[in-house]
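Undergrad: One structure coming up, written as structure tokens, with questions to follow.
What follows is calculated from the coordinates using simple rules that are stated; it is not laboratory data. Just so it is clear, the model here is predicted, and its values are computed rather than measured. Cβ placement follows ideal geometry from the backbone for every residue including glycine, while neighbour counts extend to all protein chains displayed.
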Amino acid sequence: MNEELHNDFGHGKNTYPPSKGVPGLPEFEFNSAVGRETKRLLEGIMTTYEAQPFNGNDVPLRTRTNFYNARYARNKKAIGISDHANANGKKSVRGFGVFYWHSSSEAKKLAQIILDEYKKEFPDREKYPIWGDGLFASEPGEWTDLHMCRETKGIFVLVEWEFMTNPESYKLLKSDDYRKRCALVKARSACRWYGIPFDKPAAKPAAKPAPKPKEEDDMLEKAIVVFGMDDFPAAKRLAKKIKAPIYVRDGLPAGRLAKEVYVVGGDEKGLKGDKFVILSGSDLFETSNAVGEFLKK
């Protein structure tokens, strides 16, 4: 399917403390909850891709946008939505807002769709206010000059769902109900963009599977690890073949990453997995050749 959502969520679990959150609420906790539920809602409807791993350490902003741009180069229909919780020195400030790159009419259109879907899902303006008019053009040199809007080559917007620093908003951001409904807004918006029907899944009882360790729940079948961006082109060829996400070694989540870990550049030292496939050489050219030989098999 060509429909693809770059399901971004800002920050990793190691960013709080010291920053990216308020006492009792790491921002990553909210962001990743919305991203994970969005992925669940869109399963079987469209492809979702996350450059920031669930429950993982922070992947640098530049690295994330590089990953999204590489995906966009392969699929020009892809769109991106980045989740965030806002903060302000004035505790009275609150509300929902969407940022888009000022010169992109398509990004503005996507932002307008998200704002409209938010208003439909949360019609009570007293309880769920809108920040300003809800739409913010991200412009060079201004306070709205956001890296995620500026450096992504595709249609990409950044959502500030509410303010962590406001007491009422804080309660919402801590709420599982609000997080799931935010994900619903995000999923509906993506489907609306592509003209795909989407209905809220009906709640139904399901047999509970045997409990598994949390690490097992989060573990992928396959994953690719690169030492640095020099090895990224070779890793992209491998990712297309084995259909696995790519991670930079410095931004890996804690615990075992996947059952099968493909190392492009370097070795398995410091990595955790059940099986390792080492595709490395003394330089990036030998590493690229190692990947090429593997792909011939």
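Undergrad: If you project the alpha carbons of segment 214-296 onto the principal axes, what extent comes out on each, in Å, largest first?
TA: 38, 23, 18
Undergrad: Please name which of I196, G228, A290 has its Cα lying farthest along the dipole of the chain towards the positive end, using unit charges on Cβ (Lys, Arg +1; Asp, Glu -1) and the Cα centre as origin.
TA: Sorting the options by dipole projection puts first I196.
Undergrad: Could you work out how far apart the two model spin labels at K180 and A73 are, taking each label as a point 7 Å from the Cα in the direction of the beta carbon, and quote it in nm?
TA: Each label point is offset 7 Å from its Cα along the Cβ direction, giving 4.0 nm.
Undergrad: Moving on to the next point. At a threshold of 8 angstrom on Cα-Cα distance, excluding pairs fewer than six apart, so keeping six or more, what relative contact order does segment 4-194 reach in percent?
TA: 29 percent
Undergrad: Among L42, F136, N14, pick out the residue whose Cα is farthest towards the positive end of the charge dipole of segment 4-194, where Lys and Arg carry +1 and Asp and Glu carry -1 on C-beta, about the Cα centre.
TA: Of L42, F136, N14, it is L42.
Undergrad: Moving on to the next point. Using θ = phi - 60° and the Karplus curve 6.51 cos²θ - 1.76 cosθ + 1.60, what whole-Hz ³J(HN,Hα) does each residue of segment 97-109 get, with Gly and Pro shown as x?
TA: Each residue's phi maps through the Karplus curve to give x, 10, 10, 9, 5, 4, 8, 9, 5, 5, 5, 5, 4 Hz.
Undergrad: Can I ask one more? Got the relative contact order for segment 214-296 handy, in percent, Cα pairs under 8 Å and 6 or more residues apart?
TA: Computed over segment 214-296, the figure is 30 percent.
Undergrad: Sorting M229, M164 on the 10 Å Cβ count, fewest up front, what's the list?
TA: M229, M164
Undergrad: Neighbour counts of other C-beta atoms within 10 Å: give me I81, I246, I130 arranged from fewest to most.
TA: By the 10 Å Cβ count, ascending: I130, I246, I81.
Undergrad: A further question on this structure: Given F96, S169, A183, which one lies farthest toward the positive end of the charge dipole of the chain, if we put +1 on the Cβ of every Lys and Arg and -1 on the Cβ of every Asp and Glu?
TA: A183
Undergrad: Work out the length of the dipole vector of the chain about its Cα centre, built from +1 on the beta-carbon of each Lys and Arg and -1 on the beta-carbon of each Asp and Glu, and round it to the nearest 20 debye.
TA: 700 debye
Undergrad: In nanometres, what is the gap between the two model label sites at K153 and E221, each 7 Å from Cα along Cα-to-Cβ?
TA: The answer from the label model is 2.9 nm.
Undergrad: Also: Divide by every residue of the chain the summed helix terms, -39500 (n - 2.57) for each DSSP H run of at least 4, and state the resulting mean residue ellipticity at 222 nm, rounded to the nearest 500 deg cm²/dmol.
TA: -11000 deg cm²/dmol
Undergrad: So, one more: Taking Cα atoms of the chain, Rg/Rh with Kirkwood Rh, to two decimals?
TA: Ratio of gyration radius to Kirkwood radius: 0.98.
Undergrad: Under unit Cβ charges (Lys, Arg +1; Asp, Glu -1), what dipole magnitude, rounded to 20 debye, does segment 214-296 have relative to its Cα centre?
TA: Around 320 debye, computed over segment 214-296.
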